[in-house]
There are 2 protein chains.
Amino acid sequence: MTQNQPPTIDDVAKVAGVSTATISRAINDPDKVAKATRDRINAAIDELGYTPHFGARAMASSRFKTVGAVIPTMANAMFASGMQAFQEALSEAGVTMLVATTGYDPEAELRQIRALMTQGASGLMLIGTERPEATRRFLNLRNVPHVLTWAAGPADEGVFAGFDNRRAAKSMAEHVLAMGHRKIAMIAGISAGNDRVAERIAGVRAAIEACDGAELVALAESPYLLQNAGDAFDEVWAAKPTAIIGGSDVLGAGAVVRARARGVSVPGDVSVTGFDDIGLSLVSAPALTTLRVPQIEMGRAAAEILLAQLAGGTPKSAIFETEIVERASLAPPRS
Amino acid sequence: MTQNQPPTIDDVAKVAGVSTATISRAINDPDKVAKATRDRINAAIDELGYTPHFGARAMASSRFKTVGAVIPTMANAMFASGMQAFQEALSEAGVTMLVATTGYDPEAELRQIRALMTQGASGLMLIGTERPEATRRFLNLRNVPHVLTWAAGPADEGVFAGFDNRRAAKSMAEHVLAMGHRKIAMIAGISAGNDRVAERIAGVRAAIEACDGAELVALAESPYLLQNAGDAFDEVWAAKPTAIIGGSDVLGAGAVVRARARGVSVPGDVSVTGFDDIGLSLVSAPALTTLRVPQIEMGRAAAEILLAQLAGGTPKSAIFETEIVERASLAPPRS
DNA sequence: CTGCAATATGCAAGCGCTTTCTACGGGGGA
DNA sequence: TCCCCCGTAGAAAGCGCTTGCATATTGCAG
């Protein structure tokens, strides 16, 4: 069974006995075609399994929109639900989404952006604010509508659908300090080329510096994997913190698991917090005190903003508040 | 700042002072263009921020490939890593991936397939084997290369990159029975329109029926959400099972969390198992005994198969073995 | 019946790119 | 010195579709 050439509009025209123009109209603007003709055309389309060719359409007209999203990885629950919401909102508007991933490599982003634009993406959803000069230049040169998510920043850096990572992390650190902890450790993601991580670290630092007697006794950077987070736990545990702030739920949960394995009680011997509020934080035992990131709302907002931009508008950033979700992994230090 | 028209190959040609044909060659087959000319062209491309228009390329040539993946949802770690692997393997081959989701609605699948094909997808990755007649007809009529994943089946149903859900579930049930359990409950996903779930249920049923004295005392179907899994736990717990087989890790972990909340000890009062082996199963306390599904391998295999099909070959299915991962949530019943 | 406005359909010109065929030089072998 | 061939670049024909404009039809008022 070889792959037969996909049927073209000409084939349909031949079968239906009308011109290609009529087929096109029957598809795009059915009212302009008489019912009888339309029925004949639809029958022909069904018979042939005809599907209009995107490239040709995109070329002949400019109303067929596609937008692209470039994210670090899909294998991270944190982005997954936001992307899901983004895609749902887009498809309600009849817009298709293209996804590409960078694997947290900032250099890869520009390549992927180009690839997506080549594919016809007329708008982009990007994560975070920091990017190489070459990427900014390209975006600027081509003046591509794009929305930045999972972060927030001044209006001159672009339009955001996100939240302030520094402020969020600061609030979490303040919460930990308010519990009475003074010797704090942090397990963050890899900060190189990741502004969200850098901001979170900065937020935690700021809170600790503002608090008399508090000290960041250890800071480890770890990939977003349970295993690595466990190793990072071992590393920071050596500094005897009374609380460990995790830069994500994966990191917090990984620390809890390793603590359990080491016979270290949470929150008895050490408190642990997470960040993101994904399912993992609930399953963890003890359940992780974490910071809820409004992923779904962010995804939807990003879609709405992008759609508005494509429609020629200049929508404002949507900055979301985060909130601390108190669960069992954080308690006052043993006195 | 309005969006200026994207530069076309003509613009580049004008700037570089050569014909469009030369530009095209410089991009697609650089060796055919003299170095000096090529440099001039590249400079012009950079200056203008030129990106070839996909539609036009796809139309003028047929070597620009895109493949589509239709999955139930991205917000499920189970698919996420497989998709990530799929996409990575594709992009190594220079093929772009388009993603669409159905939200577990079988009717939505055909719509998404059409949308993807319209977008230029020349191959598809689909989940599972069961689909409405209309979808099969379309696939058949258009003779679209496609690979089925997360499942396995006879060769006449298509080419698979997956595993046998029934056999896997059966092996898990047999493992539970071998531990001495006789009153078994199952928390499965929603079986309507989801062959993977139906197969897993069938596998569990088969194992139990083959075992004297064993009984499936309760079967609940639940969406893949922790909260719902908890409710399902309450439901099946009423039937006093000594072991609960979860149809996925989310389901198993949700059951464990709820059991903890109810003061039911796992595995003391009841054993619980998972399925998939995603991070969740490790974080759960006790860690979930589960069944490892080779998601990453499956994703890569799916990509390789699809690529081979697009290249005109007729690759064979890749069926993977699953393996039970013993952890702490399964123990012999209290005697 | 005729004439005219609608309404329904066809014609053909592109959209931006690739690719075949052709043209032009210039270098090396005879 | 002349030719031929190779390397390089241009001209032009589509790829499958949309759409403005032209051309039938049809229906209805007069």
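The values are calculated or read from the model by the stated rules, or taken from the named source; none is laboratory data. Being a predicted model, the structure only gives us computed values, none of them experimental. Quick reminder, even Gly has a Cβ in these numbers, built from the backbone with ideal geometry, and neighbours come from all protein chains shown.
When the stretch A:3-22 is filtered for residues that are surrounded by fewer than 18 Cβ atoms within 10 Å (Cβ to Cβ), more than 7 Å from DNA strand D (Cβ to nearest atom) and within 40 Å of the chain's Cα centre (by Cα), the ones remaining, listed by number, are A:Gln3, A:Asn4, A:Pro6.
When A:Thr149, A:Thr129, A:Thr118, A:Thr135 are checked against the criterion of being in contact with a Pro (Cβ under 7 Å, 6 or more places away or on another chain) and of a type in the set (Ser, Thr, Tyr), a single residue qualifies: A:Thr118. Pairing each residue of the stretch A:40-66 that is closer than 22 Å to B:Glu133 by Cα with any residue that is among the acidic types (Asp, Glu) and modelled with pLDDT of 85 or more, provided the two are 6+ apart or on different chains, yields C-beta distances under 9 Å for A:Ala44/A:Asp11; A:Leu48/A:Asp11; A:Tyr50/A:Asp11. Set side by side, the residues A:Ile319, A:Ile324, A:Ile305, A:Ile296 differ, and just one is over 16 Å from A:Met172 (Cβ atoms), surrounded by fewer than 21 Cβ atoms within 10 Å (Cβ to Cβ) and away from chain B (no Cβ under 14 Å), which is A:Ile319.
Within the stretch B:53-73, the set of residues being touching a Phe, Trp or Tyr at 6+ places or on another chain (Cβ under 9 Å) and at the interface with another protein chain (Cβ under 9 Å from one of its Cβ atoms) comprises B:Phe54, B:Gly55, B:Arg57, B:Ala58, B:Phe64, B:Thr66, B:Thr73.
Do we find a residue being outside the structural domain of B:Val147 (by TED's automatic domain parsing), surrounded by fewer than 19 Cβ atoms within 10 Å (Cβ to Cβ), more than 17 Å from B:Val144 (Cβ to Cβ) and within 11 Å of DNA strand D (Cβ to nearest atom) anywhere in the stretch B:42-56? There is at least one residue in the stretch B:42-56 that is outside the structural domain of B:Val147 (by TED's automatic domain parsing), surrounded by fewer than 19 Cβ atoms within 10 Å (Cβ to Cβ), more than 17 Å from B:Val144 (Cβ to Cβ) and within 11 Å of DNA strand D (Cβ to nearest atom). Return yes or no: is B:Ala77 more than 9 Å from DNA strand C (Cβ to nearest atom) and closer than 29 Å to B:Gly103 by Cβ? Answer is yes for this residue. If the condition is being part of a loop (DSSP other than H, G, I, E, B) and either free of Cβ contacts under 8 Å to residues at least 24 places away in the same chain or hydroxyl-bearing (Ser, Thr, Tyr) (or both), then the stretch B:264-296 contributes only B:Ser265. Can you confirm whether A:Arg25 is near DNA strand D (Cβ under 10 Å from one of its atoms), under 30 Å from A:Glu109 (Cβ atoms) and either in contact with a helix residue (DSSP H, G or I) (Cβ under 6 Å, 6 or more places away or on another chain) or without any contact (Cβ under 8 Å) to a residue 24 or more places away in the chain (or both)? No; evaluated as a whole, the condition is false for this residue. In the set (1) within 14 Å of chain B (Cβ to nearest Cβ); (2) modelled with pLDDT of 85 or more; (3) surrounded by 16 or more Cβ atoms within 10 Å (Cβ to Cβ), A:Arg38 fails one condition alone, (1). Summed over the stretch B:1-16, residues that are more than 7 Å from DNA strand C (Cβ to nearest atom) and in contact with a helix residue (DSSP H, G or I) (Cβ under 7 Å, 6 or more places away or on another chain) total 7. Out of the stretch A:24-44, which residues are β-branched (Val, Ile, Thr) and more than 8 Å from DNA strand C (Cβ to nearest atom)? Residues satisfying the conditions are A:Ile27, A:Ile41.
Of the helices (runs of 4 or more DSSP H) lying entirely inside the stretch A:146-263, the ones with 2 or more residues being under 26 Å from A:Pro294 (Cα atoms) and touching a strand residue (DSSP E or B) at 6+ places or on another chain (Cβ under 6 Å) are found at A:165-178, A:195-209, A:249-262.
You will find that of A:Val270, A:Val250, the residue that is crowded, with 20+ Cβ neighbours inside 10 Å, at the interface with chain B (Cβ under 10 Å from one of its Cβ atoms) and modelled with pLDDT of 95 or more is A:Val250 and no other.
Given the criteria closer than 30 Å to B:Ala214 by Cβ and in contact with a helix residue (DSSP H, G or I) (Cβ under 8 Å, 6 or more places away or on another chain), does B:Ile184 qualify? Here the answer is yes, as B:Ile184 does meet what is asked. Taking the stretch B:119-143 as the range and being farther than 20 Å from A:Leu98 by Cα, touching a helix residue (DSSP H, G or I) at 6+ places or on another chain (Cβ under 9 Å) and assigned to a loop (DSSP other than H, G, I, E, B) as the test, the residues that pass are B:Gly128, B:Thr129, B:Glu130, B:Arg131, B:Pro132. Going by the conditions given, is A:Thr135 within 30 Å of B:Gly279 (Cα to Cα), outside the structural domain of A:Ile208 (by TED's automatic domain parsing) and under 19 Å from the mean Cα position of the chain (by Cα)? No, not satisfied.
Out of the residues in the stretch B:45-74 meeting the condition of being among the β-branched types (Val, Ile, Thr) and more than 9 Å from DNA strand C (Cβ to nearest atom), tell me which one is farthest from B:Leu124 (Cα to Cα).
B:Ile45
Counting only residues that are part of a loop (DSSP other than H, G, I, E, B) and more than 7 Å from chain A (Cβ to nearest Cβ), the stretch B:74-104 holds 7 of them. Figure legend. Inter-residue proximity from the stretch B:117-146: first residues at positive phi, second residues aromatic (Phe, Trp, Tyr) and crowded, with 16+ Cβ neighbours inside 10 Å, beta-carbon distance below 8 Å, spacing 6+ or different chains. Indicated pairs: B:Gly120/A:Phe54; B:Gly120/B:Phe54; B:Gly120/B:Phe64; B:Gly128/B:Trp150.
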